[in-house]
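Notes for the one structure printed next.
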Amino acid sequence: MPLSILVSVPIGFAVSHRPKLQKIVLYFASILMTIPSLALFGIMVVVLAPVHLGIGLTPAVLAIVIYSLLPIIRNTITALNQVSPKMIEAARGIGLNRFQILFKIKLPLSIPVIMAGVRNAIVLGVSVATYASLVGAGGLGYFIFSGISRTNFQMVLVGAVLVSILGIGVNYLLLVFERIVTPKGLKVKH
């Protein structure tokens, strides 16, 4: 989900060079991810109910974004910190400032690892999104939960297969996007 990327990647960038803040952010994101996904949807409904947003798309989107924070933040921090100090020293030696080093050296070298976190989070989000139907946001979870309540195996199977196909398809599309945005020198030859 694009919103997860827009929230998580900047957080990863902001804390990547601050070890103490990294630990706090990763610890907090880890705690959020340990909340069972169904419970997180329920919490979002209760938290958003006073502002009349407790049912529908808003609690579902927020729950999926919260669930996607950890993989993207962790991979962004790991990717930015794995760039060789010698590479950074060489960049400083040719006169690049901190922002130029970040956007011309660190970011291009980090794209494959960041994208791995994004792919994990998005595929996880697809599976967690099945609970969205329980909070009135619709989605493929409708087939699964309606099939369970009606003891209709075919309906459950259709929902599960569709969610699986969607997850695999999104992962494939993100792999293609990763190949496009990864600098040529970093691409692995098959």
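Looking only at the stretch 139-158, residues that are outside any helix (DSSP H, G or I) and either surrounded by 13 or more Cβ atoms within 10 Å (Cβ to Cβ) or β-branched (Val, Ile, Thr) (or both) come to 4 in all. The single residue among VAL126, VAL176 that is more than 21 Å from GLY56 (Cα to Cα) and either within 17 Å of the chain's Cα centre (by Cα) or assigned to a helix (DSSP H, G or I) (or both) turns out to be VAL176. So, in the stretch 88-97, of the ones that are out of contact with any helix residue (DSSP H, G or I) (no Cβ under 9 Å at 6 or more places or on another chain) and either in a helix (DSSP H, G or I) or modelled with pLDDT under 90 (or both), which residue ends up surrounded by the most Cβ atoms within 10 Å (Cβ to Cβ)? Per the criteria, the residue is GLU89. Within the stretch 64-97, the set of residues being over 12 Å from the mean Cα position of the chain (by Cα) and closer than 27 Å to ALA29 by Cα comprises ILE77, THR78, ALA79, LEU80, ASN81, GLN82, VAL83, SER84. The sole residue among ILE43, ILE24 that is assigned to a helix (DSSP H, G or I), at pLDDT 95 or above, surrounded by fewer than 17 Cβ atoms within 10 Å (Cβ to Cβ) and at negative phi is ILE24.
Restricting the first member to the stretch 170-190 and to residues that are modelled with pLDDT under 80, and the second to residues that are surrounded by 13 or more Cβ atoms within 10 Å (Cβ to Cβ) and of a type in the set (A, V, I, L, M), the beta-carbon pairs closer than 9 Å and six or more apart or on different chains are LEU186/LEU109; LEU186/ILE111. Of all residues in the stretch 55-64, those satisfying the criterion of being surrounded by fewer than 20 Cβ atoms within 10 Å (Cβ to Cβ), in contact with a helix residue (DSSP H, G or I) (Cβ under 7 Å, 6 or more places away or on another chain), of a type outside the set (S, T, N, Q) and not in a loop (DSSP other than H, G, I, E, B) are VAL61, LEU62.
One line per residue, one yes/no per condition, for (1) of a type outside the set (D, E, K, R); (2) touching a residue at least 40 places away in the same chain (Cβ under 8 Å); (3) under 17 Å from SER8 (Cβ atoms); (4) part of a loop (DSSP other than H, G, I, E, B):
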{"site": "PRO71", "(1), (2), (3), (4)": "yes, yes, yes, no"}
{"site": "ARG74", "(1), (2), (3), (4)": "no, yes, yes, no"}
{"site": "LEU80", "(1), (2), (3), (4)": "yes, yes, yes, no"}
{"site": "LYS86", "(1), (2), (3), (4)": "no, no, no, no"}
{"site": "ILE105", "(1), (2), (3), (4)": "yes, no, no, no"}
{"site": "MET115", "(1), (2), (3), (4)": "yes, yes, yes, no"}
{"site": "ILE122", "(1), (2), (3), (4)": "yes, yes, yes, no"}
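The values are calculated or read from the model by the stated rules, or taken from the named source; none is laboratory data. Just so it is clear, the structure is predicted and the values come from calculations on it, not from any experiment. Using ideal geometry, Cβ is built from the backbone for each residue, glycine included, and neighbour counts are taken over all protein chains shown.
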